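Engineer: There's a structure below that I have some questions on.
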Amino acid sequence: QVQLVESGGGLVQPGGSLRLSCAASGFTFNNYAMSWYRQTPGKERELVAAISSGGNTNYADSMKGRFTISRDNAKNTVYLQMNSLKPEDTAVYYCSTKVWAVRYWGQGTQVTVSS
């Protein structure tokens, strides 16, 4: 079965950096696009960044220039490098993919940006 396990969240000061990782299993990783989403209480989950199977990327406007999504197909892992973090980036970050029209989610990792 498809499993997505995020790691790398934590507490960071404004202006700091974090790198999130998502280890994937249960499907042919290099054949599928991968995405990062985030959610704060009372708000809908929003797309942060996505990377296609071929490595093409796209980002939400507010993350462009600060966040970088990448993938390592040899390790079945997708990353989210987050720089210049702001308090408004505080959220639970989720890894996601869609396999055979079914969307799968990881358990999420908390990112808190605060001084």
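Engineer: Does at least one position in region 46-53 carry a residue that is modelled with pLDDT of 95 or more, in a loop (DSSP other than H, G, I, E, B) and open to solvent by 30 Å² or more (accessible area, probe 1.4 Å)?
Structural biologist: yes
Engineer: Please list, ordered by first then second residue, the pairs with beta carbon atoms under 9 Å, 6 or more apart or interchain, first in region 85-105 and within 19 Å of residue 68 (Cβ to Cβ) and surrounded by fewer than 11 Cβ atoms within 10 Å (Cβ to Cβ), second modelled with pLDDT of 95 or more and not hydroxyl-bearing (Ser, Thr, Tyr).
Structural biologist: 88/113
Engineer: Taking residue 101 as the residue in question, decide whether it is of a type in the set (A, V, I, L, M) and at pLDDT 95 or above.
Structural biologist: no
Engineer: Residues being open to solvent by 60 Å² or more (accessible area, probe 1.4 Å) and either among the charged types (D, E, K, R) or over 13 Å from residue 111 (Cα atoms) (or both): count how many of those fall in region 1-14.
Structural biologist: Counting residues in region 1-14 that are open to solvent by 60 Å² or more (accessible area, probe 1.4 Å) and either among the charged types (D, E, K, R) or over 13 Å from residue 111 (Cα atoms) (or both) gives 3.
Engineer: Of all residues in region 62-80, which are part of a strand (DSSP E or B), over 16 Å from residue 106 (Cβ atoms) and not hydroxyl-bearing (Ser, Thr, Tyr)?
Structural biologist: 67, 72
Engineer: So if I check each of 53, 84, 70, 62, which one is within 14 Å of the chain's Cα centre (by Cα) and of a type in the set (Gly, Ala, Ser)?
Structural biologist: Answer to the check: 70.
Engineer: Using the structure shown, decide if residue 17 is surrounded by fewer than 19 Cβ atoms within 10 Å (Cβ to Cβ), under 13 Å from residue 89 (Cβ atoms) and at pLDDT below 95.
Structural biologist: So residue 17 fails the test.
Engineer: Can you pull out the residues in region 62-115 that are aliphatic (A, V, I, L, M) and within 15 Å of residue 32 (Cβ to Cβ)?
Structural biologist: 69, 78, 99, 101, 102
Engineer: Looking at region 65-81, which of its residues are over 10 Å from residue 23 (Cβ atoms), open to solvent by 50 Å² or more (accessible area, probe 1.4 Å) and at pLDDT 95 or above?
Structural biologist: Passing the criteria: 68, 73, 74, 81.
Engineer: Considering only region 28-44, state which residues are open to solvent by 30 Å² or more (accessible area, probe 1.4 Å) and more than 19 Å from residue 10 (Cα to Cα).
Structural biologist: 28, 30, 31, 32, 33, 42, 43, 44
Engineer: Considering only region 24-42, how many residues are over 14 Å from residue 108 (Cβ atoms) and of a type outside the set (Phe, Trp, Tyr)?
Structural biologist: Of the residues in region 24-42, 9 are over 14 Å from residue 108 (Cβ atoms) and of a type outside the set (Phe, Trp, Tyr).
The values are calculated or read from the model by the stated rules, or taken from the named source; none is laboratory data. Since we're looking at a predicted model, the values are computed, not measured. FYI the Cβ positions are ideal-geometry reconstructions off the backbone, even for glycines, and counts take in every protein chain you see. Accessible surface is based on the protein model in full, side chains and every heavy atom, while ligands, DNA and RNA are left aside. Shrake-Rupley method; radii C 1.70, N 1.55, O 1.52, S 1.80 Å.
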